[in-house]
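Trainee: Pasting a structure below so you can have a look.
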Amino acid sequence: MSWELFWLLVEASGLTILYSGVSIVIGFVLASGICAAMLSSHRLTANGGRLYVSFFRGTPLLIQLLLVYYLLPKIGLNVPSEIAAIIGLSLSTSAYQAEILRGGFQSVPRGLLEAADMCGLSAFASFRRIRLPVAVRLTLPALTSEAIMLLKSSSLVSVVGVVELTTMAKDLASSTYQPLPIFAAAGLVYLIINLVVAGFGRLAERAAKRGHA
Amino acid sequence: MSIVPAIRARGVVKRFADLEVLTGIDLDVARGAVTCLLGPSGSGKSTLLRCVAFLEECTDGIIEIDGEPLGFGLGPNGERMRLPASSIRPVRSKIGMVFQQFNLWPHMTALGNVAEALVTVRRLSRSEAHDRAMAELDKVGLAKRAGHYPSELSGGQQQRVAIARALALEPRIMLFDEPTSSLDPELTGEVLNVMRSLAETGMTMLVVTHEIGFAASVASKIVFLDHGRLLVEGAPGDVFGKPRHPRIDQFLDTYLDRGAAGLI
Amino acid sequence: MTSLLSYLTGEDGRNILSGLINTCILWVIGSGLGAIFGFLIAVARRYGPRLIDYVLQASVEVIRGTPFLVQIYLLYFGGPYLCLSLGEASACLTLDPFEAGILGLSVYGAAYYSELFRAGFEAIPRGHVEAAETVGLDRWQTLTRIILPEMTMLVLPSMVNMTILLLKETAVLSIISVKELKFQVDIIGNRDYAFVESFTILALVYWALVEICGALGRAAERRLSRYRFAHS
Ligand SMILES: Nc1ncnc2c1ncn2[C@@H]1O[C@H](COP(=O)(O)OP(=O)(O)O)[C@@H](O)[C@H]1O
Ligand SMILES: [Mg+2]
């Protein structure tokens with residue numbers, strides 16, 4: 001396999017990073033809301049949040065992507081397939097992230113919050129200064145692995161015709177008749193990206209630990 | 001005629017990497033008596049006990065149980081040498097051990113915990129093992145709880161099951177590593193009572209504890225460890241009585257606020 | 001409703017059913033083999049020589065760091081180019097879609113299961129093993145009587161999650177035309193231009209399977225919960 005082919009894969013990986021990065025960020029924003037809904041004392045809101053999470057965690061991403069892709073035009077939204085793909089990825093990851101956040105908030109030891117109470121912190125201050133930072137620290141490893149999971153799953157957007165790393169690899173493999181080296185190279189590129197993400201995750205964990213030791 | 005002690009340690013050294021935790025311990029534990037091992041935390045009490053149980057291999061020195069070397073022995077020229085692995089099991093089977101953290105197996109009932117080794121190690125039939133285990137649980141006052149899982153027992157009950165588990169194998173020597181240190185004071189009492197009655201049956205016991213009152217009233221010998229050295233040993237009256245070694249004074253200041261002052 | 005019923009009877013219904021059965025076969029065999037190999041990997045890494053640990057760790061990281069779809073492409077399209085020649089004779093890794101699917105799922109699952117079992121080994125308190133040692137259990141007895149049962153309780157929830165994840169991954173196999181549920185429903189959807197309907201129904205079926213699996217897992221956890229924590 002030539003360097004030119006490898007370079008094409010590296011270029012295409014930029015799109016993979018773009019689509020997954022945007023989806024992870026949008027997903028996190030959505031997840032915060034869904035997590036709040038799940039932890040809400042309002043019964044209906046909490047159940048709604050749970051239903052959302054259960055659906056998106058309970059169905060294959062491939063089917064979610066296709067559903068979004070075909071459903072959007074039906075309800076009058078003619079968006080490019082890239083946007084449809086980002087919407088699909090964001091919805092999916094938001095459910096996983098929401099569940100991670102919920103777990104994190106619920107495992108903040110009660111004693112910490114009681115201590116905050118006794119120190120006279122307001123409910124808001126206690127949330128912002130104690131519960132949120134502790135929960136984030138608790139959930140950083142899980143959020144990092146979710147980011148990696150999403151990066152990998154983003155390969156599925158190739159089925160709705162979005163160009164990214166896997167699509168590029170597939171096209172090159174069939175035009176050059178070299179599937180073995182090309183898919184191996186594509187895998188290598190994914191692996192490198194994920195190792196970098198994992199590395200950043202560990203850095204973030206260490207920083208968070210130092211901040212709140 | 002010299003009486004062979006239940007445990008005889010000579011020149012026992014234990015190093016973890018650069019850290020020398022035991023610096024040449026010589027210790028005799030008499031048969032049929034209770035010996036209490038005291039000392040500040042980090043002084044190496046657990047490490048010594050774990051070496052005696054062969055959970056840890058000592059770096060140097062020799063430990064004999066009832067006169068038989070455990071793990072290491074003296075060669076023909078008086079040099080220390082490793083003994084074959086097959087020689088360890090019979091010596092070790094004379095020892096029972098009780099841990100600070102109970103270490104009951106969570107997926108077995110109290111009865112299951114006690115019966116396990118009777119079946120898998122002693123090869124008793126299920127029903128024999130069951131009867132023996134019940135008898136042991138009865139001795140620690142827990143026959144009624146035989147069917148409970150560890151998660152359904154209080155800390156004190158768990159520790160009594162752990163004692164029954166060790167006793168079921170009829171050890172000659174019982175080692176206790178801070179058996180009451182993870183218990184509330186009120187649960188401590190029930191475990192100490194079981195240990196007291198065990199002592200009355202003439203069991204050889206080596207007990208690491210911070211319960212000075214128990215040590216003073218039950219032990220026939222106190223051994224005080226400090227920084228991996230055996231600092232003082234003797235009868236409770238001698239060790240606790242005045243004049244005291246300044247380190248022991250310090251130690252008692254730290255631990256002696258449990259109404260045990262009257263006992264010593 | 002009549003139209004939906006008409007799908008379920010006759011030719012279409014038979015195809016959907018065979019797809020569902022294939023999905024279940026892929027799922028059960030894939031996760032079964034994955035769990036078995038994952039366990040062996042975990043044991044080899046824990047008790048085997050250092051070198052084996054490193055090699056297995058690297059392999060697990062590669063599989064966990066690359067998309068399942070790329071692995072499947074590599075296996076299915078690249079396999080025929082992966083040949084082993086011994087003198088005259090040569091054999092290539094030519095797999096039909098179903099074989100590639102089973103192999104891919106098992107390998108992918110094995111990597112994840114192995115990590116889960118490793119975590120399980122780590123989570124067992126050392127003292128529980130030492131207690132077994134002091135009452136005279138040998139290494140094998142300690143493994144089978146203490147470590148394995150205790151680990152089962154510890155890893156059960158993540159086992160269930162992993163198994164659910166593999167069920168969802170089976171849908172990806174439709175891309176290399178494994179005749180599983182999604183593949184069969186796709187055919188009907190394409191023929192009748194009923195994309196949204198067919199994907200909605202697919203989503204509901206997978207959702208139901210996942211929820212059932214999760215509920216069974218939680219029931220098992222509840223039944224086992226009292227074996228789980230000592231008060232220490
Ligand atoms: N496995 C080990 N590795 C390294 N250091 C250890 C280990 N076990 C104990 N130590 C060290 O040995 C010293 C004595 O420990 P220990 O015997 O547990 O003391 P004690 O039981 O008297 O409190 C401590 O400084 C401890 O940190
Ligand atoms: Mg200790």
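What follows is calculated from the coordinates using simple rules that are stated; it is not laboratory data. Just so we're clear, the structure is a prediction, and the values are computed from it rather than from any experiment. Note that each Cβ is placed from the backbone with ideal geometry, even for glycine, and that neighbours are counted across all protein chains shown.
Trainee: Quick check: the distance between the Cα centres of region A:146-179 and region C:21-96, to the nearest angstrom?
Mentor: Answer, in whole Å: 20.
Trainee: Same structure again: If you take the beta carbon distance between C:Thr94 and A:Ser41 as r and set R0 to 41 Å, what does 1/(1 + (r/R0)^6) give as a FRET efficiency, to the nearest 0.05?
Mentor: 0.10
Trainee: Taking Cα atoms of chain A, Rg/Rh with Kirkwood Rh, to two decimals?
Mentor: Rounded to two decimals, Rg over Rh is 1.06.
Trainee: In vacuum, with every alpha carbon of region B:155-207 counted as one equal point scatterer, what does the Debye formula give for log10 I(q)/I(0) at q = 0.17, 0.25, 0.27, 0.32 Å⁻¹? Two decimals, please.
Mentor: Relative scattering, expressed as log10 I(q)/I(0), comes to -0.48, -1.02, -1.17, -1.46.
Trainee: Oh, and also: What is the count of Lys pairs in the protein assembly as shown whose alpha carbons sit under 22 Å apart, if the two are 8 or more places apart or on different chains?
Mentor: Step by step, the pairs that qualify in the protein assembly as shown add up to 14.
Trainee: OK, next. State the answer as a single residue: which of B:Phe214, B:Gln159, C:Ser31 lies farthest towards the positive end of the charge dipole of the protein assembly as shown, with beta carbon charges of +1 for Lys and Arg and -1 for Asp and Glu, about the Cα centre.
Mentor: The one lying farthest along the dipole's positive direction is B:Phe214.
Trainee: A further question on this structure: Going toward the positive end of the dipole of region C:2-227, with +1 on Lys and Arg Cβ and -1 on Asp and Glu Cβ, which of C:Ile102, C:Ser198, C:Met151 do you reach last?
Mentor: C:Met151
Trainee: Residue by residue, what Karplus-based ³J(HN,Hα) values in Hz, rounded to whole numbers, does region B:170-180 have, using 6.51, -1.76 and 1.60 with θ = phi - 60° and x for Gly and Pro?
Mentor: 6, x, 7, 9, 10, 9, 10, 9, 6, x, 10
Trainee: Okay, next question. Taking square-rooted eigenvalues a ≥ b ≥ c of the alpha carbon gyration tensor, is region C:55-105 rounded, prolate or oblate, where a/c under 1.5 means rounded and, failing that, a/b exceeding b/c means prolate?
Mentor: On the way: a/c = 2.73, a/b = 1.47, b/c = 1.85.
Because a/c hits 1.5 or more and a/b fails to exceed b/c, region C:55-105 counts as oblate.
Trainee: With θ taken as phi - 60° and the coefficients 6.51, -1.76 and 1.60, list the Karplus ³J(HN,Hα) couplings across region C:75-83 in order, rounded to whole Hz; mark glycine and proline as x.
Mentor: With coefficients 6.51, -1.76 and 1.60, one gets 5, 7, 8, x, x, x, 8, 9, 10 Hz.
Trainee: Still on this model: Choose one answer from C:Asn15, C:Asn190, C:Asn161: the residue with the largest mean-square fluctuation in a GNM of chain C with alpha-carbon springs under 10 Å.
Mentor: In this elastic network of chain C, the residue with the biggest mean-square fluctuation among C:Asn15, C:Asn190, C:Asn161 is C:Asn190.
Trainee: In debye to the nearest 20, how big a dipole does region C:2-227 give about its Cα centre with +1 on each Lys and Arg Cβ and -1 on each Asp and Glu Cβ?
Mentor: Roughly 620 debye for region C:2-227.
Trainee: Report the charge-dipole magnitude of region A:3-209 in Debye, nearest 20, computed about the Cα centre from +1 at each Lys and Arg Cβ and -1 at each Asp and Glu Cβ.
Mentor: On the way: 15 positive and 10 negative charges, 171 e Å.
Roughly 820 debye for region A:3-209.
Trainee: Quick one: 3J(HN,Hα) in Hz for region B:211-217, Karplus 6.51/-1.76/1.60 with θ = phi - 60°, rounded, Gly and Pro as x.
Mentor: Along region B:211-217, the couplings run 7, 4, x, 4, 4, 5, 8 Hz.
Trainee: Another question, if that's okay. In whole Å and largest first, what semi-axes does the C-alpha gyration tensor of the protein assembly as shown yield when each eigenvalue is scaled by 5 and square-rooted?
Mentor: Square roots of five times the eigenvalues give 60, 29, 25 Å.
Trainee: Related question: Among B:Ala133, C:Tyr81, A:Leu89, which residue has its Cα positioned farthest towards the positive end of the charge dipole of the protein assembly as shown, with +1 placed on the Cβ of Lys and Arg, -1 on the Cβ of Asp and Glu, and the dipole taken about the Cα centre?
Mentor: B:Ala133
Trainee: To the nearest 0.05, what FRET efficiency results for A:Ala208 and B:Arg229 with a Förster distance of 60 Å applied to their C-beta separation? Mind showing how you got there, number by number?
Mentor: Working: r = 43 Å, r/R0 = 0.71.
The formula returns an efficiency of 0.90 here.
Trainee: Could you work out which residue, out of A:Leu62, A:Leu71, A:Leu138, moves most in a Gaussian network model of chain A, that is, has the largest mean-square fluctuation with Cα springs under 10 Å?
Mentor: Looking only at A:Leu62, A:Leu71, A:Leu138, the biggest GNM fluctuation is shown by A:Leu71.
Trainee: What is the extension gain from C:Asn190 to C:Ser59, computed as 0.36 nm multiplied by their sequence separation minus the C-alpha to C-alpha distance, in nm to one decimal? Provide the component values of the computation, followed by the final result.
Mentor: Numbers: separation 131, 0.36 × 131 = 47.16 nm, distance 3.91 nm.
Residue separation times 0.36 nm, minus the Cα-Cα distance, leaves 43.3 nm.
Trainee: Quote the charge dipole size of region B:102-170 about the Cα centre in Debye, to the nearest 20; the model charges only the Cβ of Lys and Arg (+1) and of Asp and Glu (-1).
Mentor: Values: 9 positive and 7 negative charges, 3 e Å.
Computed charge dipole of region B:102-170: roughly 20 debye.
Trainee: Specify, per residue and in Å³, the volume enclosed by the convex hull of the alpha carbon atoms belonging to region C:44-138.
Mentor: Hull volume over Cα atoms, normalised by residue count, gives 155 Å³.
Trainee: Over chain A, what is the relative contact order in whole percent, taking alpha-carbon pairs under 8 Å and six or more residues apart?
Mentor: Relative contact order, chain A: 29 percent.
Trainee: Show log10 I(q)/I(0) for chain B at q = 0.08, 0.10 Å⁻¹, two decimals, from a solvent-free Debye sum over equal Cα scatterers.
Mentor: The calculated log intensity ratios at q = 0.08, 0.10 Å⁻¹ are -0.33, -0.52.
Trainee: Would you compute, from DSSP H runs of 4+ residues alone, the mean residue ellipticity of the protein assembly as shown at 222 nm, taking -39500 (n - 2.57) per run and dividing by the full residue count, rounded to the nearest 500?
Mentor: Rounded to the nearest 500, it is -20000 deg cm²/dmol.
Trainee: Could you check the simple spin-label distance between B:Ser86 and A:Val25, using points 7 Å along Cα→Cβ, in nm with one decimal?
Mentor: Inter-label distance under the simple model: 7.0 nm.
Trainee: Oh, and also: For chain C, compute Rg over Rh where Rg is the Cα radius of gyration and Rh is the Kirkwood radius from the inverse mean 1/r over Cα pairs.
Mentor: Radius of gyration relative to Kirkwood radius: 1.07.
Trainee: In chain C, which cysteines lack any other cysteine Cβ under 4.7 Å from their own?
Mentor: C:Cys24, C:Cys213
Trainee: A further question on this structure: Please give the length that would be gained between B:Asn77 and B:Asp60 if that part of the chain were fully extended, namely 0.36 nm times their separation in residues minus their C-alpha to C-alpha distance (nm, one decimal).
Mentor: Full extension of this stretch gives 4.5 nm more.
Trainee: 5 Å is the cut-off here: which amide hydrogens, built 1.01 Å from N in the peptide plane, fall below it relative to B:Val13, excluding neighbours closer than 5 in sequence?
Mentor: B:Gly24, B:Ile25, B:Thr59, B:Asp60, B:Gly61
Trainee: Then there is this: Where in region B:72-110 does the label zone of B:Ala135 land, with the point 7 angstrom along Cα→C-beta and an amide N cut-off under 14 Å?
Mentor: None, by backbone N distance to the label point.
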